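Contents: one structure, followed by commentary.
The values are calculated or read from the model by the stated rules, or taken from the named source; none is laboratory data. It should be emphasised that the depicted structure is a prediction, and the values quoted were computed from it without experimental measurement. When we count neighbours, we look across all protein chains shown, and the Cβ atoms used for this are built from the backbone with ideal geometry, even at glycine. Note: accessible area is taken over every heavy atom of the protein model, side chains too, but ligands, DNA and RNA are not part of it. Shrake-Rupley method; radii C 1.70, N 1.55, O 1.52, S 1.80 Å.
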Amino acid sequence: QHGRLKIKSTAQQEEEKRKEREKKLKAFVSARDAVLKKRSAGEHDEEALQLTQQLLSSNPDFATLWNYRREVLLHLETLREKDEVQKLYESELHFIEACLKVNPKSYGCWHHRSWVNTRLPQPDWTRELGLCDRCLSLDERNFHCWDYRRVVVKESGVSAEQELQFTDRLIGSNFSNYSSWHYRSTLLPQLHPQPVPDSAPNTSPSPTTSPQFHSHRVCEEQLLKEYELAHNAFFTDPNDQSAWFYYRWLLGRAEREEMISCVYVSREGQRVSVAFSKPVHAQSEGLMLVLDGQPQQVEWRSAHPRFRHSPVWLCDLPPGSISDISNEHNLTIHWTEKHTHRDCALYTGERSAESWCRDSATDQELFRSELSVEKSSVLQAELQSCNQLLDLEPQNKWCLLTIILLMRALDPLGHEKETLAHFQTLKEVDPMRSSYYSDLCSKFLIENTILKMEYAEVRVFSLSNKNLTTLCHLDQLLFVTHINLSSNQLLRLPPQFAMLQCLEVLEADDNAIESLEGLYHLPKLEEVSLRNNQICKLSDLESLASCTKLTRLDLRGNPVHRTANIESELSQLLPLVTDLLL
């Protein structure tokens, strides 16, 4: 055995590593305590810089040390001439770069570097841009670096066009560069905004926004080019999600314009309901109601107390102000914050009990955008291509989902049957996300039903036996009087249900509903059928007490019927209900 190298056992190696770690830890803790002691004593000297440098070089994520380092630098800055300050901060940048080599995704490093450049008398933004390029070449998904790059681009005056070319290069070298695709989506609306059509009625131009372009939408000509770019990417690698997500963004409807989409007035309740294109906080948005030329003092409230921001807001008019059906009235809602308003007139005669003025879901392009002939033909070709890809990759979930989105962009009602079939396939090939697909399918079915209801000009909303798992777009059902949601998979009637201010009859039999939170202060609700659900406790029904016109309630097949003295308890809770079925 002489002359042979003795190999240490695993136990010996682990013990030596443990001792080495303990030694390093003691040194680190000792240096840390010294630094914190100096900070407590208010010492801002060169030694403090050296000690913090020693610690941050091994652990760049110690935020307290970066804070102390800034305090020291600010103090030293007051003691030095401008040239010396430049050298001080130049040295700091070199130190930060060394720390980034230890951890390129350190929040503290990138934040401190951004701060140092604000203190530099003569910052070199070209150098900083080069640093970003080097870091992104090592890790193209380093979002800390992407955030810092946006700061550098803004300060250095690099044009959006140059940055778009930068994303071209990165995407060209790697289609899987998700960060580049995302960055591209922020640049395109700046470079290629969609022209705004002639001003909409009842809207005054805002002094803070351009009257010529949508700030968040991309013009059609550029969109067509982007389709081709994404198309090349996902045909190259059908299983990479980056290009598919970007393509989904291209197919999106963009952010909706802020506007008053509907005003509803009821003589009987002397109540006004106002719907907005997105949730707002009406109490702080400068909302003013004018009746027959006279501003009214009213208190705005959301449809449900849980909502501080809501797309629907309500107020009660002064008693007797519109109750006389022989008089006509003109009402205007002014949204002063957005320089827009909406008018509504109450007439005499047969339809004098209520009135409304609204944009339909079709008018608002709520569920699909109006497509030009050119764009329609391009999307039709894209749909054809995706179908060809699906023939080659029948299990590709991204392709299936994109086909659904293309069908909805082209003709949601015409492609409804095919869309439902594709959703079923998606649940089979991607069972982990089946709940997501069920919710998305429910959303699309609700959108289609709203469109059908508007085309038929009826106020009845029927979606029974459709496997619905969620409810959405309830602000679009403000005028609905009758809803049938029976034989679905709903677990609750959410608080948003309280927006249905005209609802008279609700059928929701054969679901798994446990919560009725949304049946709250519905002033016209008369009949509710909830047979064969999962309502277990009397307290689950308490919200119904706020519906003062409710006279018929069907609770057959619910566990609550086993509650002791249920009939007497319900008669106390809901004294106006005369037709109770248990």
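For Glu140, the criteria (1) at pLDDT below 90; (2) of a type in the set (Asp, Glu); (3) over 26 Å from the mean Cα position of the chain (by Cα) hold in every case but one, which is (3).
Looking only at the range 410-457, filter to residues that are under 23 Å from the mean Cα position of the chain (by Cα) and open to solvent by 70 Å² or more (accessible area, probe 1.4 Å); which one of those is nearest to Gln489 (Cα to Cα)? In this case the residue turns out to be Ser435.
For the range 157-194, a tally of residues being open to solvent by less than 60 Å² (accessible area, probe 1.4 Å), in a helix (DSSP H, G or I) and not small (Gly, Ala, Ser) returns 14.
When residues in the range 120-148 are screened for being closer than 29 Å to Glu84 by Cβ and open to solvent by 90 Å² or more (accessible area, probe 1.4 Å), 3 of them pass. Residues in the range 269-291 that are surrounded by 14 or more Cβ atoms within 10 Å (Cβ to Cβ) and part of a loop (DSSP other than H, G, I, E, B): Gly269, Gln270, His281, Glu285.
Residue check: His482 meets all listed conditions (1) in contact with a Lys or Arg (Cβ under 9 Å, 6 or more places away or on another chain); (2) closer than 18 Å to Asn558 by Cβ; (3) open to solvent by 30 Å² or more (accessible area, probe 1.4 Å); (4) of a type outside the set (A, V, I, L, M, F, W, C) but one, namely (2). Of the residues screened, Lys154 is not one that is modelled with pLDDT under 90 and not in a loop (DSSP other than H, G, I, E, B).
Taken over the range 358-382, the criterion of being hydrophobic (A, V, I, L, M, F, W, C) and at pLDDT 75 or above is satisfied by Val378, Leu379, Ala381.
Taken over the range 270-320, residues that are within 21 Å of the chain's Cα centre (by Cα), of a type in the set (Ser, Thr, Tyr) and at pLDDT 90 or above amount to 2.
Say we look at the range 41-79 and pick out the residues that are of a type in the set (D, E, K, R) and part of a helix (DSSP H, G or I); which of these is nearest to Ala27 (Cα to Cα)? Selected residue: Glu47. Has the range 292-303 got at least one residue that is open to solvent by 30 Å² or more (accessible area, probe 1.4 Å), at positive phi and in the same structural domain as Thr348 (by the TED database)? Checked against the condition, which is being open to solvent by 30 Å² or more (accessible area, probe 1.4 Å), at positive phi and in the same structural domain as Thr348 (by the TED database), the range 292-303 yields at least one hit.
Exactly one residue among Ser91, Ser106 is open to solvent by 10 Å² or more (accessible area, probe 1.4 Å) and either within 29 Å of Val153 (Cβ to Cβ) or modelled with pLDDT under 90 (or both), and that residue is Ser91. Which condition number in (1) in contact with a helix residue (DSSP H, G or I) (Cβ under 8 Å, 6 or more places away or on another chain); (2) among the small types (Gly, Ala, Ser); (3) more than 30 Å from Glu228 (Cβ to Cβ) is the one that Ser266 fails? Here Ser266 clears every test but (1).
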